[in-house]
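Below is one structure, written out as structure tokens; comments come after it.
The values are calculated or read from the model by the stated rules, or taken from the named source; none is laboratory data. Since we're looking at a predicted model, the values are computed, not measured. No Cβ is skipped: glycine too gets one built from the backbone with ideal geometry, and neighbour counts run over all protein chains shown. Surface areas here come from the heavy atoms of the whole protein model, side chains and all, with no ligands, DNA or RNA. Shrake-Rupley method; radii C 1.70, N 1.55, O 1.52, S 1.80 Å.
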Amino acid sequence: MKVFNSYIGRPMERVEDLRMVRGRGTYVADVNRPNQLYAVILRSSTAHGIIKSIDSSEALALAGVHHVLTAKDLGNEVPLIPLRLQPLPQLEPFHQPVLADKKVRYVGEPIAVVIAESAAIAEDALERIALEIDPLPAVATRAQAEAKRSVLFEGHGSNVAITWKAFRGDADEAFKTADYVRRETFRVQRHAAMFMEPRGFVAEWDEAAGKLTVWGAAKTAWYNRRTLAAQLGLELEAVDLIEVDVGGGFGSRGEFYPEDYLIPAAARIVGRPVKWTEDRREHIMSANHARDVECDVEFAATRDGRFIGLRGQIWSDIGAYIRTNGSVGPRNVAQYMSGPYCMEHIDLKSSMLTTNKTPCGTYRGPGRYETDFIRERMIDLAAQDLKIDRVELRRRNLVADAQMPYTLASITPYDSSTELDSGDYHAVFDRCLKEFGWEERSKLRGQSIDGYYHGLAIGSFIEGGAAGPKEEVRLVLETDGALSVYMGSSSVGQGLETIMAQIAADAMEIPYEKITILHGSTSYVKDGYGAYHSRSTVMGGSAILLGAEKLKELIQQTAAQRLGCKSEEVVIDGEQASFGGNHIAFAGLSETPLEVEAAFFNKKYTWAYGTQAAHVAVDPGTGHVKVIDVMSVEDVGRMINPLTLHGQAIGSIVQGLGGAFLEHLVYDDEGQLLTGSFADYLMPTASDFPSIRSVTLELKPCPNNPLGAKGAGEGGLIPIGGLMANAVADALSHLNVQPMELPLSPPRIWQLVEEAEAARARA
Amino acid sequence: MKPPIFEYASPLTVAEAVSLLASRNGNAKVISGGQSLMPMLAFRLAAPELLVDLKHLKDLGAIRIGEDGVRLGARVRWCDIESDARLAVSHPLLAEAIKHVAHYQIRNRGTVGGSVAHADPSAEMPGIAMTCDAQMKIVGSAGTRIEAAADFFTGPLQTSLEQDEILTEVHLPAWPAARRWAFLEFARRKGDFAMAGVALYYDLDSGSRITDAHIGAIGVADRPIRLTEAEAVLNGNQMSDKLIAAASAKARQSIDPPSDIHAPGAYRAALVATLLGRGLKKSAA
Ligand SMILES: Cc1cc2nc3c(=O)[nH]c(=O)nc-3n(C[C@H](O)[C@H](O)[C@H](O)COP(=O)(O)OP(=O)(O)OC[C@H]3O[C@@H](n4cnc5c(N)ncnc54)[C@H](O)[C@@H]3O)c2cc1C
């Protein structure tokens, strides 16, 4: 039977799952090499200071300790971590050295690496390293940064690294004449991706072959390979980075961190394989933080509720250094503040502040989560001020289908112009209201039931995806008729193997079971970009389509010789090549595998979009918020697999709820991290948010790739902060409670209630 | 997060355990369920030379219920309390409070003795011990002593236990069938240590007046405390909304909880008042 185009769109179970649930996954902690040693990292417990001395002699005296690596061992210049994205020269002074060199700038900064027979011995040795640091005043808040309590990089003279400017139209002029202007300050707390499996590496140096192999790569293996090879002075071919199973990434895992250099370098120095497994405390202080944003913004509209403009200043606290992708959040928060709404006049500045805290990077929906909180709060405040229903106000301002493509604000100093590609924003908005049951539930607004006040909110969002410039694949039709697909995309647990097999099966018209997706080694294809910016499906999947076309041509050519016809006369159908009643099965078609390479190039982002509605109930006595329902409706252009997509959407929403209510990396004024474990850094747990629903539509395919797909999977969380704050405000509207800051922790809500009640008592 | 090197012993008698503790001059520690101690070792916040495991002291694992109340052996686990149907009658306040302790896995290991000896100011079991005038049975080199909960808890994670002493039993006095009670706490997530919690009970005299009110609070001081001023508001009076409001207001005034990263002290004080008000209503329903 012919199986044509039957996999894309089907809820195929993940091929990865059987392996995982049977305990046969291989995570980096499962990788062991003969004769391996263990590395443990000495990290600064001082937020800011000058390293006076490091004395490792007592540590080295401990039985089982092989080496203690410090900055001195790394030659005259300690390697710096380069920027993978937006590599602006003016950011060079803020690059992080792989080991603290003379100065420490955050709690958790690597100072030395102990290599020993076991991790326990290495930890014993850590306590014996005599470290002398002269503390400097720390910068832990915006006020301290602006007052220059210290300047982190003296040469620069200020704690403002750079300022991004997003602009469109003429904001100053527009604000002068606007009917309605409201100015507010908002704040989103520092939090971060806490994937279930912390990071880790096993590195092995083969002296005889001059070859370095590193297990534990993720996300951007090719870029990291180039960086590492350059830092170690090795040829690209001498370095192989290998991806194994990973327990989550969310933007944070797989970026080039100090350990990406330190563990391979250590293996080379000691001449034995070295293994490092990050523990949770290390993860919390060393992997990228995110979302630490404050702003002072103005919003302008006409009396009848047409949005006019956004203007103001944002401060993005980037921590002590700028690492690989540290500009993305600060840029996005300015460039995408207008979201899915028409906004003619924009003048937003986003300053990147250096502080003595862990460096920040991208975390699912970078900058968007923050900026959607700001914008959606502003819209609800405007609705209240203008006395226009907030559903109607949003409807009036969503970008219309006819306005597509719709250009977003321009941005400097690193141009990344982009336009909303396609969409029926209104249709999705209306569908969300319907799925959610807005009308019916509206009766509950402001009501108190069993001590809980009920509230609703709605908000729309856009989700950029498919960052370029390209992705490569190599397709191999094996002699037995099976298809191997080698890819440069990488898996961070999003079901890559399943989705790519679906796409390849349809493209080659062969059964799904006959396809093997191979990713995870920098030797599989020449170049690869990886998994970020919701790009794998669109970029890798489109490359597969192009590769399939080429492979079919090669099959036609090969078969033509045997069938005695021209290649264009060969018909490919049902795993065979045919001409004039003669058929040659793919199995046995050729004595050697048939192989093609293809690359998909694209610089235009895809823009998935959606609307979410929420129903919460608030206990003003405890400040507790019960999330009763979250409904998410999004259009992803083309849905490859509804099962994995909904898993992504719901998981993403839960992460968003974590950020809205629970997760907070708290520092004191001296730059000490106070939330060093999961006892204090609160993650959402299984029982916290039971009711989340997701509906996916395919209204408007993406015009910029052959699949018609749009990057998806980050989207779910983008509107959640704003949605929850608006729902809480709605529930407590009788008190006019207006949250301007996340997280919506019980004490914060209680405080707002107390203040509102005090204000009412005064009035 | 690897624990430092330690020696390990699992004695067969309490006497042996005590002498092992005594032999190390403060450098030995009892391990019971390990649910608080193991994380402390992994974080290297504690580094005892020797761990003395109580796992073979089977006798300490019993829940004994008699005329004079409930006796919980130090090795009684949360899940043992949870699954003991007798407690719903013999000590409903205890049964209700323990439902709030931690998560499934931890409840399968964590013990009464470990919790009381650890003396976390937010923990439920110390709160119940304090509220119910529990008597602690303690065995050391000097012999056996009995101490009232009020004297046992001395500060944050501090008790009157000497370095060579083992807590063997917590005795909760008998529970009259008609007793009114409530336990309420508020935690950020299910299973977390409470931001604050209130345990209360009282009896009614022939005129429906409150007698012998006991109100305990957790999470609001350096140790579990009794809210004696609020108790005084209740005693001798009939329950009413006005009385509840007065007792709650008194509770809020009478405490001064410390602030930490999770909440300002003022929030915890207000929370205790809220929980007390709700608890009193519930107890009267
Ligand atoms: C994630 C998590 C959540 C938790 N949530 C809660 C919660 O909500 N409420 C709560 O109350 N607890 C909670 N706990 C703590 C848990 O209940 C612990 O089990 C308990 O506090 C300690 O009991 P243990 O038997 O594990 O003691 P251990 O960890 O073995 O010992 C704790 C301390 O007590 C000493 N000790 C133990 N037994 C004795 C004894 N018989 N005599 C003298 N000293 C002794 C030990 O030396 C040690 O110092 C939580 C723990 C975790 C990991």
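Tabulated data for the structure shown
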{"read-out": "Residue among B:117, B:150 that alone is small (Gly, Ala, Ser), within 13 Å of the ligand (Cβ to nearest atom), assigned by TED's automatic domain parsing to the domain that holds residue B:71 and on the phi < 0 side of the Ramachandran plot", "value": "B:117"}
{"read-out": "Strands (runs of 3 or more DSSP E) (entirely within the stretch A:222-317) containing at least 1 residues that are within 14 Å of another protein chain (Cβ to nearest Cβ)", "value": "A:274-277"}
{"read-out": "Subset tally (residues that are hydrophobic (A, V, I, L, M, F, W, C), at the interface with chain A (Cβ under 8 Å from one of its Cβ atoms) and open to solvent by 10 Å² or more (accessible area, probe 1.4 Å)) for the stretch B:247-274", "value": "1"}
{"read-out": "Residues within the stretch A:671-684 that are touching a helix residue (DSSP H, G or I) at 6+ places or on another chain (Cβ under 7 Å), within 9 Å of another protein chain (Cβ to nearest Cβ) and surrounded by fewer than 16 Cβ atoms within 10 Å (Cβ to Cβ), tallied", "value": "2"}
{"read-out": "Flag for residue A:296 being in contact with a Ser or Thr (Cβ under 6 Å, 6 or more places away or on another chain) and open to solvent by 30 Å² or more (accessible area, probe 1.4 Å)", "value": "yes"}
{"read-out": "Selection from the stretch A:187-208 of residues that are part of a strand (DSSP E or B), open to solvent by 10 Å² or more (accessible area, probe 1.4 Å) and either in contact (Cβ under 8 Å) with a residue 24 or more places away in the chain or of a type in the set (Val, Ile, Thr) (or both)", "value": "A:187, A:201, A:204, A:205"}
{"read-out": "Failed item, numbered, when residue A:218 is tested on (1) open to solvent by 20 Å² or more (accessible area, probe 1.4 Å); (2) touching a residue at least 12 places away in the same chain (Cβ under 8 Å); (3) out of contact with any Pro (no Cβ under 8 Å at 6 or more places or on another chain)", "value": "(1)"}
{"read-out": "Pairs where the first residue, in the stretch A:721-742, is touching a residue at least 40 places away in the same chain (Cβ under 8 Å) and more than 17 Å from residue A:626 (Cβ to Cβ) and the second is open to solvent by 10 Å² or more (accessible area, probe 1.4 Å) and of a type in the set (Asp, Glu), C-beta under 7 Å, 6+ apart", "value": "A:735/A:757; A:740/A:184"}
{"read-out": "Single residue of the stretch B:187-209 satisfying the filter (of a type outside the set (Gly, Ala, Ser) and open to solvent by less than 20 Å² (accessible area, probe 1.4 Å)) that is farthest from the ligand (Cβ to nearest atom)", "value": "B:202"}
{"read-out": "Residue list for the stretch A:112-127, restricted to those being open to solvent by 20 Å² or more (accessible area, probe 1.4 Å), closer than 13 Å to residue A:61 by Cα and more than 8 Å from every other protein chain (Cβ to nearest Cβ)", "value": "A:121, A:126"}
{"read-out": "Answer from A:668, A:635, A:629 - the residue that is open to solvent by 10 Å² or more (accessible area, probe 1.4 Å) and among the acidic types (Asp, Glu)", "value": "A:668"}
{"read-out": "The stretch A:693-704 - residue that is not charged (D, E, K, R) and not in a loop (DSSP other than H, G, I, E, B) and, of those, nearest to the other protein chains (Cβ to nearest Cβ)", "value": "A:694"}
{"read-out": "Number of positions in the stretch B:218-246 that are within 14 Å of chain A (Cβ to nearest Cβ) and either of a type in the set (S, T, N, Q) or open to solvent by less than 50 Å² (accessible area, probe 1.4 Å) (or both)", "value": "3"}
{"read-out": "All positions within the stretch B:177-205 that are small (Gly, Ala, Ser), touching a helix residue (DSSP H, G or I) at 6+ places or on another chain (Cβ under 8 Å) and away from every other protein chain (no Cβ under 14 Å)", "value": "B:177, B:182, B:199"}
{"read-out": "Filtered residues of the stretch A:458-491 (kept if surrounded by 24 or more Cβ atoms within 10 Å (Cβ to Cβ) and over 25 Å from residue A:553 (Cα atoms))", "value": "A:458, A:459, A:460, A:461, A:462, A:463, A:464, A:465, A:466, A:490, A:491"}
{"read-out": "Among (1) open to solvent by less than 10 Å² (accessible area, probe 1.4 Å); (2) touching a Phe, Trp or Tyr at 6+ places or on another chain (Cβ under 8 Å) - the single one residue A:708 does not satisfy", "value": "(2)"}
{"read-out": "Conditions (1) assigned to a loop (DSSP other than H, G, I, E, B); (2) buried (at least 24 other Cβ atoms within 10 Å of the Cβ); number of the one not met by residue A:544", "value": "(1)"}
{"read-out": "Filter pass, residue A:282 being touching a Ser or Thr at 6+ places or on another chain (Cβ under 8 Å), of a type outside the set (Phe, Trp, Tyr) and surrounded by fewer than 23 Cβ atoms within 10 Å (Cβ to Cβ)", "value": "no"}
{"read-out": "Yes/no for residue A:687 being open to solvent by 40 Å² or more (accessible area, probe 1.4 Å) and at the interface with chain B (Cβ under 9 Å from one of its Cβ atoms)", "value": "yes"}
{"read-out": "Filter result (over 28 Å from the mean Cα position of the chain (by Cα) and within 19 Å of residue A:278 (Cβ to Cβ)) within the stretch A:196-212", "value": "A:204"}
{"read-out": "Qualifying residue in the stretch B:57-75 (condition: within 12 Å of the ligand (Cβ to nearest atom), over 27 Å from residue B:148 (Cα atoms) and of a type outside the set (S, T, N, Q))", "value": "no"}
{"read-out": "Given (1) part of a loop (DSSP other than H, G, I, E, B); (2) touching a residue at least 40 places away in the same chain (Cβ under 8 Å), index of the condition residue A:690 fails", "value": "(2)"}
{"read-out": "Residues of the stretch B:36-56 that turn out to be crowded, with 18+ Cβ neighbours inside 10 Å, near the ligand (Cβ under 8 Å from one of its atoms) and within 14 Å of another protein chain (Cβ to nearest Cβ), as a count", "value": "1"}
{"read-out": "Enumeration of residues in the stretch A:745-759 that are surrounded by fewer than 22 Cβ atoms within 10 Å (Cβ to Cβ) and touching a Phe, Trp or Tyr at 6+ places or on another chain (Cβ under 8 Å)", "value": "A:747, A:751"}
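Let's see how each residue does on (1) in contact (Cβ under 8 Å) with a residue 40 or more places away in the chain; (2) under 17 Å from residue A:188 (Cβ atoms):
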| site | (1), (2) |
| --- | --- |
| A:620 | yes, no |
| A:638 | yes, no |
| A:655 | yes, yes |
| A:658 | yes, yes |
| A:662 | yes, yes |
| A:670 | yes, no |
| A:674 | no, no |
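Conditions (1) surrounded by 14 or more Cβ atoms within 10 Å (Cβ to Cβ); (2) away from the ligand (no atom under 12 Å from the Cβ); (3) under 16 Å from residue A:679 (Cα atoms), marked per residue:
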position: B:7; (1), (2), (3): no, yes, no
position: B:13; (1), (2), (3): no, yes, no
position: B:24; (1), (2), (3): yes, yes, no
position: B:32; (1), (2), (3): yes, no, no
